[in-house]
């Protein structure tokens, strides 16, 4: 039984109204009258829509149903809704959901340039430590933000820190895994992940609880609130712009290459260049 004005839901009615507005706009742009109805014209519209959009066949059928329903509300009865889609539509490949493109890996030279844009105030110390922990440790942005300063962790923590003489051990506890990441000391204070974390914790006066927290407006005090993980993609993009990385590209294209997952992507690519499980990535990068 075909839907009537009284049987369709409010959600469907709104969808059908959108379908009708889209179809009549297509008619105007192509110089075709929407009234009286034409089955061939509707099929041409569906064919054009399937070639210029990511819509699957099921969505095209819904669009056609919306057009037919709107015509029926205007007194026109079309024998089209129960027929197959036009051959030109069904012959087209089925569109699949496009997954986000993998973000660009950051080279060691580019990371040095990004770090060089950060000041040595409290926020700069924090952001430097975050970039190095994520870059060398291969941590997800939620894992970076979720770190606590010790293994005695808070309720919203995802991991804890344990300092040793020559390295920093990071224990991550996600829902389905527990893993340990070792960050070795580097040869330069500017790029050493262990030194950077220690400097931040010292000047921020953090001994327990969240590692990476917000700062006061004047940037002189560390607050108790844990940072939101959206800070990391913003930090990456801002340091990319200031460092002049990929300056040959327009700004929007440069920004599109990098995101919060760039740190993890970079670490994975750098580590696979060496088959050793116990790779000291800090030393391998010359950091």
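The values are calculated or read from the model by the stated rules, or taken from the named source; none is laboratory data. Predicted model, so just to flag it, every value in this text is computed and none were measured. Every residue, glycine among them, receives a Cβ derived from its backbone with ideal geometry; neighbour counts consider all protein chains shown.
Things to note:
- Residues considered: 249, 183, 223, 168. Of these, the only one that is touching a strand residue (DSSP E or B) at 6+ places or on another chain (Cβ under 6 Å), in the same structural domain as residue 152 (by TED's automatic domain parsing) and farther than 23 Å from residue 138 by Cα is 223.
- Odd one out for residue 132, checked against (1) closer than 21 Å to residue 269 by Cβ; (2) modelled with pLDDT under 95: (2)
- In segment 34-75, the residues that are more than 42 Å from the chain's Cα centre (by Cα), on the phi < 0 side of the Ramachandran plot and part of a loop (DSSP other than H, G, I, E, B): 35, 36, 37, 38, 74
- Test: residue in segment 235-250 that is within 15 Å of residue 125 (Cβ to Cβ) and touching a helix residue (DSSP H, G or I) at 6+ places or on another chain (Cβ under 7 Å): yes
- Flag if residue 19 is outside any loop (DSSP other than H, G, I, E, B), modelled with pLDDT of 85 or more and in contact with a helix residue (DSSP H, G or I) (Cβ under 9 Å, 6 or more places away or on another chain): yes
- Among the residues of this structure, residue 157 counts as one that is farther than 20 Å from residue 287 by Cβ, crowded, with 17+ Cβ neighbours inside 10 Å and assigned by TED's automatic domain parsing to the domain that holds residue 224.
- Selection of segment 200-248 for residues being surrounded by fewer than 16 Cβ atoms within 10 Å (Cβ to Cβ), closer than 17 Å to residue 129 by Cα and within 22 Å of the chain's Cα centre (by Cα) yields 228, 230, 234, 238.
- Any chance residue 254 is crowded, with 18+ Cβ neighbours inside 10 Å and either over 27 Å from residue 162 (Cα atoms) or at pLDDT below 95 (or both): yes
- Taken over segment 105-128, the criterion of being closer than 21 Å to residue 224 by Cβ, over 22 Å from the mean Cα position of the chain (by Cα) and assigned to a helix (DSSP H, G or I) is satisfied by 122, 123, 124, 125, 126.
- Screening 150, 157 for residues that are assigned to a loop (DSSP other than H, G, I, E, B) and within 24 Å of the chain's Cα centre (by Cα) leaves exactly one candidate, 157.
- Segment 257-285, residues that are at pLDDT below 85 and closer than 12 Å to residue 111 by Cα: 266, 267, 285
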